[in-house]
Amino acid sequence: MSDQALKRTPLYDLHVALGARMVPFAGYEMPVQYPMGILKEHAQVRERAGLFDVSHMGQARLTGDDAAAALESVSSGDLQSLEHGQQKYTLLLNGDGGIMDDLMVSRPDENGLFLVVNADTKDGDFDYIAKTLEGRAKLDRRDDRALLALQGPAAMRVMQAVAPKAAKLTFMQAARADIFDVNAIVSRSGYTGEDGFEISVPADKAVEVAEKFLSFDDVEPIGLGARDSLRLEAGLCLYGHDIDNTTSPVEASLLWALPKVRRERGDFPGAERILKEIADGPTRKRVGLKLADRAPAREGADVADKDGNIIGVVTSGSLAPTLGEPIAMAYVTPDFAKTGTELDILVRGKARAAEVVKTPFVPQNYYRG
Amino acid sequence: MTTKYTKDHEWIRVEGEVGTVGITPHAAEQLGDVVFVELPDVGASLKKGDEAAVVESVKAASEVYAPVSGEVVEVNSAIADNPGTVNEAADGAGWFIKLKLSDAGELDGLMDDGAYKEFAANEG
């Protein structure tokens, strides 16, 4: 980060009024937690519903007759088959097959593709997409919009009361809907493993919409701290930590985001490396780990085999509040990636027993209709 | 009985030649929910400023430093079993270790209650 002043989302004053602790994140002052605290906020989303301000993330429109094919040329997605009302999770790939970002692409209406990218990478992503696709598709940043996420098992009940049309969406669908009389783009998705919605509204309507959601008994404001522990339990990657410019979709265990039709065509950036890794196996693989005792392993902790040889590194780690035990994501050499493999994680130099487990760590609870 | 404070937000309460060490309620609040505590071995010899314990919130790990030099004569295993006690009673039941002081004179370099309050308020 430079010494530039931190930016604020349209909900900044509301966060402060709600008692949030504000911290710098991706160039923004964001709420890491509210007075409730991370553990209770986490449980709130697992058991009822929470509202997140994710307005720091990048929103944009990509338009042009050739927009979907053009976006495919820089990404892993099968976007030409993206129908009206659908959303897909896609990876922006560099020429070496590394992941430049992970993003959501939807077609909520007749106005082209709607993109949501990560906060830290949005300037780079949007410049790159605009330049690379110039002449084929037109990218318009939508910095005039805020983004809210309503997540948790009670999210559907709340949405039924607010916008029955939006409540009918199923997982990974997107549509235009009026939310408290505000024209919004709503998708049935999120970053918690729970059922829920992401709601894009004009920035000047964000406070009004957020306050109305928060007036429901089932809804509490949730900070970035719980957002991180929720996504980790759900086995979802955090860009810049679990995936980055060097990790390929094969290494990252995200091959499902590179559909068969794209693999067969082999027309994505970094195809040479990625197809070779599919055929011959990668040199490292992202896995989930569960620790035997209570000491959490953090990003950067070495992973060792039972003979003490370093065979990997932790990329995310925390106590899993739902499970009451520490979990982690790590990259390990493929010989140690099999479920059930016993390893050690070196926490402050001390070997702590861990086991490769399937992810998600906590079952996902998506609404598929 | 005197209580003194460090700039790293530890407190030490001295009775006779033994000091009980913990983190201040201000520090506990800044950390957020404590989920793990790692305590030293009884018998460990610590110098002023040495890492005495580790306290982890959901988000991150932080060190607890020895406010003065001494030998660890007792550790609070109750907070290892129930780390949330550190949040609930940072200046009481949430204590970390008891130190047998090797140089009581080191206490003079620490802040008293009033000085710490001012320090914590100004730290922002």
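The values are calculated or read from the model by the stated rules, or taken from the named source; none is laboratory data. These numbers were taken from a predicted model, which means no experiment stands behind them. A quick note on method: Cβ atoms are made from the backbone with ideal geometry, for glycine too, and the neighbour counts reach across all protein chains shown.
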#### Entry: Cross-chain or 6+ apart pairs with Cβ under 6 Å, the stretch A:38-55 first and closer than 18 Å to A:M159 by Cα, then crowded, with 22+ Cβ neighbours inside 10 Å and aromatic (F, W, Y)
A:L51/A:F213
### Query
Can you name every residue in the stretch A:29-80 that is among the polar types (S, T, N, Q) and either away from chain B (no Cβ under 14 Å) or outside any strand (DSSP E or B) (or both)?
A:Q44, A:S55, A:Q59, A:T63, A:S73, A:S75, A:S76, A:Q80
### Task
Would you be able to tell me the number of residues in the stretch B:46-63 that are in contact with a helix residue (DSSP H, G or I) (Cβ under 7 Å, 6 or more places away or on another chain) and at the interface with chain A (Cβ under 7 Å from one of its Cβ atoms)?
2
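Taking the conditions exactly as written (surrounded by fewer than 22 Cβ atoms within 10 Å (Cβ to Cβ), more than 14 Å from every other protein chain (Cβ to nearest Cβ) and touching a strand residue (DSSP E or B) at 6+ places or on another chain (Cβ under 9 Å)), does A:L254 satisfy them or not?
Yes.
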### Message
Among the residues of the stretch A:264-285, what is the count of those that are under 23 Å from the mean Cα position of the chain (by Cα), farther than 21 Å from A:A234 by Cβ and not hydrophobic (A, V, I, L, M, F, W, C)?
### Response
3
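Which residue, of B:A52, B:A44, B:A104, B:A80, is in contact (Cβ under 8 Å) with a residue 60 or more places away in the chain, among the hydrophobic types (A, V, I, L, M, F, W, C) and either closer than 14 Å to B:I12 by Cβ or surrounded by 16 or more Cβ atoms within 10 Å (Cβ to Cβ) (or both)?
Of the residues listed, the single one that is in contact (Cβ under 8 Å) with a residue 60 or more places away in the chain, among the hydrophobic types (A, V, I, L, M, F, W, C) and either closer than 14 Å to B:I12 by Cβ or surrounded by 16 or more Cβ atoms within 10 Å (Cβ to Cβ) (or both) is B:A104.
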### Task
Give just the number: which of (1) under 25 Å from A:A271 (Cβ atoms); (2) of a type outside the set (G, A, S); (3) in contact (Cβ under 8 Å) with a residue 60 or more places away in the chain does A:V116 not satisfy?
(1)
### Selection count where residues are among the aliphatic types (A, V, I, L, M), over 18 Å from A:D228 (Cα atoms) and buried (at least 23 other Cβ atoms within 10 Å of the Cβ), scope the stretch A:302-331
1
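Results for (1) within 13 Å of the chain's Cα centre (by Cα); (2) away from chain B (no Cβ under 14 Å); (3) under 19 Å from A:F114 (Cβ atoms); (4) touching a residue at least 24 places away in the same chain (Cβ under 8 Å), shown as yes or no for each residue.
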residue	(1), (2), (3), (4)
A:G196	no, yes, yes, yes
A:A203	no, yes, yes, yes
A:A206	no, yes, yes, yes
A:D217	no, yes, no, no
A:I222	no, no, no, yes
A:R227	yes, no, no, yes
A:R231	yes, no, no, yes
### Query
Looking at this structure, is A:A279 touching a residue at least 40 places away in the same chain (Cβ under 8 Å), more than 25 Å from B:I79 (Cβ to Cβ) and away from every other protein chain (no Cβ under 14 Å)?
no
### Message
Among the residues in the stretch A:33-53, are any over 18 Å from A:D228 (Cα atoms), in contact with a Pro (Cβ under 7 Å, 6 or more places away or on another chain), modelled with pLDDT of 95 or more and not acidic (D, E)?
### Response
no
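Where residues in the stretch A:48-92 are of a type in the set (D, E) and touching a Leu at 6+ places or on another chain (Cβ under 7 Å), which of them is nearest to A:F171 (Cα to Cα)?
Let us first name the residues in the stretch A:48-92 that are of a type in the set (D, E), namely A:53, A:65-66, A:72, A:78, A:83.
In the following step, the residues that additionally are touching a Leu at 6+ places or on another chain (Cβ under 7 Å) were identified as A:53, A:72.
Working: A:D53: 20, A:E72: 22 Å.
Checked the stretch A:48-92; the qualifying residue nearest to A:F171 (Cα to Cα) is A:D53.
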### Query
Restricting attention to the stretch A:286-322, and to residues there that are within 14 Å of chain B (Cβ to nearest Cβ) and aliphatic (A, V, I, L, M), which single residue is farthest from the chain's Cα centre (by Cα)?
A:A292
### Task
Only strands (runs of 3 or more DSSP E) wholly contained in the stretch A:287-362 count here; list those with 3 or more residues that are over 19 Å from B:S62 (Cα atoms).
A:310-320, A:325-332, A:342-347, A:350-357
### Query
Restricting attention to the stretch A:123-139, does a residue exist that is farther than 23 Å from A:I243 by Cβ and in contact with a Phe, Trp or Tyr (Cβ under 7 Å, 6 or more places away or on another chain)?
no
### Task
Return a yes/no flag: does the stretch A:344-357 have any residue that is surrounded by fewer than 22 Cβ atoms within 10 Å (Cβ to Cβ), under 30 Å from A:L150 (Cα atoms) and away from chain B (no Cβ under 12 Å).
yes
### Query
Among the residues of the stretch B:20-43 satisfying the criterion of being among the charged types (D, E, K, R) and within 23 Å of B:V72 (Cβ to Cβ), which is nearest to the other protein chains (Cβ to nearest Cβ)?
B:E38
